[in-house]
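Written out below as structure tokens is the structure these notes cover.
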Amino acid sequence: MAGSPAPVPENQSTVLLGAADVARVVDRIAHQVIEKCAGGGGAGDEGAGLPDVVLVGIPTRGAPLARRLAGRIAAFAGTAVDVGTVDITLYRDDLRMRGVRALEDTVLPPEGIDGRLVVLVDDVLFSGRSVRAALDALRDLGRPRAVQLAVLVDRGHRELPIRADYVGKNVPTSRAQKVRVHLAETDGTDEVLVTEERR
Amino acid sequence: MKRHLLEAADLDRADATLVLDTAAQIDQALAGREVKKLPTLRGRTVVNLFYEDSTRTRISFELAAKRLSADVINFSAKGSSVSKGESLKDTALTLEAMGSDAIVVRHSASGAPHRLAGWVRGSVVNAGDGTHEHPTQALLDAYTIRRRLGRLDGVRVAIVGDVLHSRVARSNVWLLTTLGAEVTLVAPPTLLPVGVGSWPVQFSYDLDAVLPKADVVMVLRVQLERMNASFFPSAREYSRRYGLDAVRMAALGDEAIVMHPGPMNRGMEIAADVADSVRSTIVEQVGNGVSVRMAVLYLLLGGSPQ
Amino acid sequence: MTHLIKGARVLGGDPADLLLEDGRIAAVGERLSAAGATVVDADGLVALPGLVDLHTHLREPGREDAETVETGSRAAALGGFTAVHAMANTDPVADTAGVVEQVWRLGRQAGLVDVVPVGAVTVGLRGERLAELGAMADSAARVRVFSDDGHCVADPALMRRALEYVKAFDGVVAQHAEEPRLTAGAQMNEGDLSARLGLTGWPAAAEEAVIARDVLLAEHVGARLHVCHVSTAGSVEILRWAKSRGVQVTAEVTPHHLLLTETCAESYDPVFKVNPPLRTDADVQALRAGLADGTIDAVATDHAPHAVEDKESEWAQARPGMLGLEQALSVVLETLVEPGLLDWAGVADRMSVRPAAIGRLDGRGPRSHGRPLTPGEPANLLLLDPAARAVVDPAALASRSRNSPYAGRELPGRVVATFLRGEATVLDGKAQK
Ligand SMILES: [Zn+2]
């Protein structure tokens, strides 16, 4: 290795969302889901379409995010919504580049997803490949009436024609940057960081 | 995971657990589905290179590879260029030139998969070599025990029969002890290898003394030809001293299970009513074999660069 | 041609000059000179009597793709040998006067070492009836060592008769001690490692039982017995006991059994497959001690060339055997001289004097071997640089085969020159023919 004698500066991390921001963003998405999925009903009929909805998190961090979202929806609308997870590892088309990973849970409600409205939940929307893999996985798991997508952060740079129905925060980034989501369930704290990757 | 799966003795606790966990996740992902197929290994080619007849192992690997969308080539050494004297090395290089990413090999010579691994760039999976090892069998056995009993740590496993000639026994000795089980080998002294004292296991010549303390009884196939080489006097005597029948099964604890890697000699090492009892996991083992082999193929091939 | 060797340390002693003339050592002393002599600078080199191998497989006739008398002779000369005993398991088997004379003639044509044919004990090595031992003894090849090597003369009655019969011409039976019923399908030493590797075991008892039986037979009939490639601690014990009783038994050990252990088999690379198999470290230590105290008389290579296809295979399918001629002396340096178990005189004794005596090559004639490096004796000697070290490269070996178990291993010692009856067969580390 040809080492450079000059000291390499620490990677610069910027906090994009703090814990309170994350909570606020999740609340907003919950309201949007209620609004959009409530069906034709007017006031006083807020939760009418919700039993139809299944929130399906994409592991790792989409899974706790989906559970939180379900919790907030239940709090706001007074109606429980079904939650599941779908592991997409075996559906990825970039395994050769990424290397093998341990698989995570795929758990769906006992009623399944046939004829229902599936809202996929993920932490960061980037190239869109994870979402495509999740769509492939869903196709093998059943036939939903419709599929929507909710993400905490959309950082751009799509490689596929995919867009989110619910976005917590749009963050313009460069490809050299890295967006990292930390959640209390998996990382002990709620925050979204942007890191400059130094080469 | 390493690039090859050559022996269970190679697997540390983390690797072995990863295989079992992956198999469990695959089972969960496929449970209740109509389409039991995943796109994971699309475009990869798996060759089953079998120098010994073993339809059940070959089919299990074939199904595992196909459920992961790999292309599968079955290359039986019988009636092929191999029986005309082509060397293992030449065969391996030919298969690789045809684009194989993994070779699943069954061979009568101990160590043949190790040799193969030295000659090819792709992955090699040992599907049974001579009297050495059969690591995926041990993995599926461990997986079956864990599913039935919920754990492997501290589980007391008795492996009964022809340990000397058994690759299944060897692989299970290493894997199960790595995963925290306590293994006792039970056999007549002639069917235990010289050197068994250096293995991390107990051994006993008395099946009846071991059964009441066993959580798992794994019965090995005994070949009748062994009788002719004086490993034991007669089938009747073997069966009387080491066969698992209903009377012996009654000595087992309530939760204990009975396993057999197949194919069975009913009436010899295992009685028919034992093989068909609720304690028996023999049919489950077959199903679990596919999941475990999917896990192995995924872990070896899923991320390997071309 | 006349050679004047300047400043060689004979058996490691003080530097001296040696004048080689007319096939004999003409003079040994300080500041010798001779008009017209080729001068060989031996500063820092040790002079030893030409080595004698009791156990070489030259493969000709029959497997000339693996080795020929000529290529094997060249390998031997490069290893410092001036005489090798060519084993009888050729195709056809050397069980008649015709075949042993053919091998002997091929050796003379090659002219690099004296090739001394070994005759088979039984017809076709089949262990059923005696070959015409007397005819081979009386032939031009003057066979004195008889062996079915590769196979054991397992039948005790046949072994007794062979031991007795060869007394008539001062012959010796060299036994490959392996009870075949205990080694059916055997692949490696039987023990902890064979159990783990799933390779059928070759128990030490299969060797020791035959040696024990044979020393009792040799004692009973008052015959000479030679034991090939002793490989276990137990065998050394039995030999020690037999010698203490005055049994006329001699024994050899191979370089590989002095250096390598069964753990080599863990790779499943058949370059380490050999018969008898590599044993445990305890066996290796006992063999070194046995050679050092003289219980084992000789180092013999069991040089066993094999074609690539016979080694580049599964372990069980591969043929047993390894190359040895070119590294034998280096291995003895590594395992005995450098650790201080054997001095230079000891090396000369175990690799030249005693093997020559066992093969009855140590007479007074001009074609004798294993003689002291003193004036009047045949000029069979080698010059060794004990300080040199080199990594073994199978591709650089003179043998036609490549199955060296020492590939990639650094070993001490380099044979700089070898002289056969005054002619340089090796100079500057290069074969002269
Ligand atoms: Zn031999």
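Taking chain C as the reference, fit the longest principal axis to its C-alpha atoms, fit the long axis of helix C:233-244 to the helix C-alpha atoms, and give the angle between the two in degrees, 0 to 90, nearest 10. In chain C, helix C:233-244 runs at an angle near 70 degrees to the longest axis. In the protein assembly as shown the Cα-Cα distances spread across 20 Å bins starting at 0 as 13, 32, 27, 18, 9, 2, 0 percent of all pairs. Projecting the Cα atoms of A:T79, A:P172, A:L103 onto the charge dipole of chain A, computed from C-beta unit charges around the Cα centre, puts A:P172 farthest toward the positive end. Protection proxy ranking, highest mean first, for peptides C:206-213, C:218-225: C:206-213, C:218-225, where packing is the per-residue count of other beta-carbon atoms within 10 Å, averaged. For the range A:107-158, the dipole from Cβ point charges (+1 on Lys and Arg, -1 on Asp and Glu) about the Cα centre works out to 220 debye, to the nearest 20.
Where does each of B:K36, B:K89 land when they are ranked from fewest to most other beta-carbon atoms within 10 angstrom?
B:K36, B:K89
Bridge orientation summary for chain B: considering DSSP beta bridges with both residues in this region, about 5 percent are antiparallel. What is the angle, in °, between the Cα long axis of helix C:69-78 and the longest principal axis of the Cα atoms in chain C? Nearest 10 is fine, range 0 to 90. Once rounded, one gets 60 degrees.
Before anything else, pin down the relative contact order of the range C:50-358: Cα pairs under 8 Å, at least 6 apart, normalised by residue count, whole percent.
17
Helix A:129-141 axis versus longest C-alpha principal axis of chain A: approximately 40°, rounded to the nearest ten.
Net charge of the neighbourhood of C:A88, taken over other residues with C-beta under 10 Å away and scored Lys/Arg +1, Asp/Glu -1, is -3. Coupling constants for the range C:348-355 follow from the phi torsions by the Karplus curve (6.51 cos²θ - 1.76 cosθ + 1.60, θ = phi - 60°), and in residue order they are 4, 5, 7, 10, 9, 5, 5, x Hz; glycine and proline get x.
Helix by helix, which DSSP H runs in chain B go 27 Å or more along their axis at the Cα atoms and have an average Kyte-Doolittle hydropathy of -1.0 or more? All intermediate terms of the calculation are to be shown ahead of the outcome.
Details: long enough: B:282-301 (28 Å, 1.32).
Those that pass (Cα extent of 27 Å or more, hydropathy at least -1.0) are B:282-301.
Across the range C:1-92, Cα-Cα pairs more than 21 Å apart make up 47 percent of the total.
Taken over the alpha carbons of chain A as equal point scatterers, the Debye sum produces base-10 log I(q)/I(0) values at 0.16, 0.17 Å⁻¹ of -1.06, -1.18.
Looking at the range C:154-248, the pairs of alpha carbons with a distance over 22 Å make up 32% of the total. With a/c under 1.5 counting as rounded, go ahead and sort the range C:277-343 into rounded, prolate or oblate using the C-alpha gyration tensor (a ≥ b ≥ c being the square roots of the eigenvalues; past the cut-off, prolate if a/b is larger than b/c, else oblate). Judged from the Cα gyration tensor, the range C:277-343 comes out prolate (a/c at least 1.5, a/b above b/c). Entry note, chain B: relative contact order of 20 percent, from Cα contacts under 8 Å with a spacing of 6+ residues. Of the peptides A:28-34, C:231-237, the ranking by mean beta-carbon count within 10 Å, highest at the top, reads C:231-237, A:28-34.
In terms of the ratio Rg/(2.2 N^0.38 Å) built on C-alpha atoms, what value belongs to chain B?
Taking N as the residue count of chain B, the ratio is 0.99.
Across the options B:L41, B:A229, B:V283, the greatest Cα extent toward the positive end of the charge dipole of the protein assembly as shown (unit charges at beta carbon of Lys, Arg, Asp, Glu) belongs to B:L41.
Bridge orientation summary for the protein assembly as shown: considering DSSP beta bridges with both residues in this region, about 35 percent are antiparallel.
Inter-chain neighbour count for B:23-35: the average number of beta-carbon atoms from partner chains within 10 Å of each residue's beta-carbon is 4. Dividing the summed -39500 (n - 2.57) terms of all DSSP H runs of n ≥ 4 by the residue count of the protein assembly as shown sets its mean residue ellipticity at 222 nm at -9000 deg cm²/dmol. The alpha carbon gyration tensor of the range B:108-155 gives principal lengths a ≥ b ≥ c with a/c of 1.5 or higher and a/b greater than b/c, which makes the shape prolate.
With a 10 Å cut-off around each Cβ of C:309-318, the average count of Cβ atoms from other chains is 6. Average 1/r across all pairs of distinct alpha carbons in the range C:50-358, invert it, and you get the Kirkwood radius: 19.0 Å. If R0 equals 35 Å, the separation of the Cβ atoms of B:V286 and B:R236 corresponds to a calculated FRET efficiency of about 0.75.
The relative contact order of the range B:1-126 comes to 32 percent, based on Cα pairs under 8 Å that sit 6 or more residues apart.
How much net charge surrounds C:H55 when only other residues with a Cβ under 9 Å from its Cβ are counted (Lys, Arg +1; Asp, Glu -1)? With Lys, Arg at +1 and Asp, Glu at -1, the net is -4. Find me the longest stretch of chain A that has none of the exposed GluC sites (Glu not before Pro), where exposed means in a DSSP loop (not H, G, I, E or B) with at most 16 other Cβ atoms within 10 Å. The answer is A:11-110.
Within the set of other residues whose C-beta is less than 9 Å from the C-beta of B:G122, count the net charge using Lys and Arg as +1 and Asp and Glu as -1.
Surrounding charge for B:G122 is 0.
Between Rg and the Kirkwood Rh of the range C:302-433, both from Cα atoms, what is the Rg to Rh ratio? Rg divided by Rh gives 1.00. Restricting attention to chain A, close to 35% of DSSP beta bridges with both partner residues there are antiparallel. Peptides C:159-167, C:179-187 ordered by packing proxy, namely the average of other Cβ atoms within 10 Å per residue, highest first: C:159-167, C:179-187. Here, the range B:135-281 has an Rg and a Dmax of 13.9, 42 Å when only alpha carbons are counted.
Remark: mean inter-chain Cβ contacts per residue of A:82-92 equal 3, using a 10 Å Cβ-Cβ cutoff to other protein chain atoms.
Every number in this text was worked out from the coordinates using simple rules, so none of it is lab data. Treat the numbers as computed from the prediction; the structure is a model and nothing was measured. Don't worry about glycine lacking a Cβ; one is built from the backbone with ideal geometry, like all the others, and counts go over all protein chains shown.
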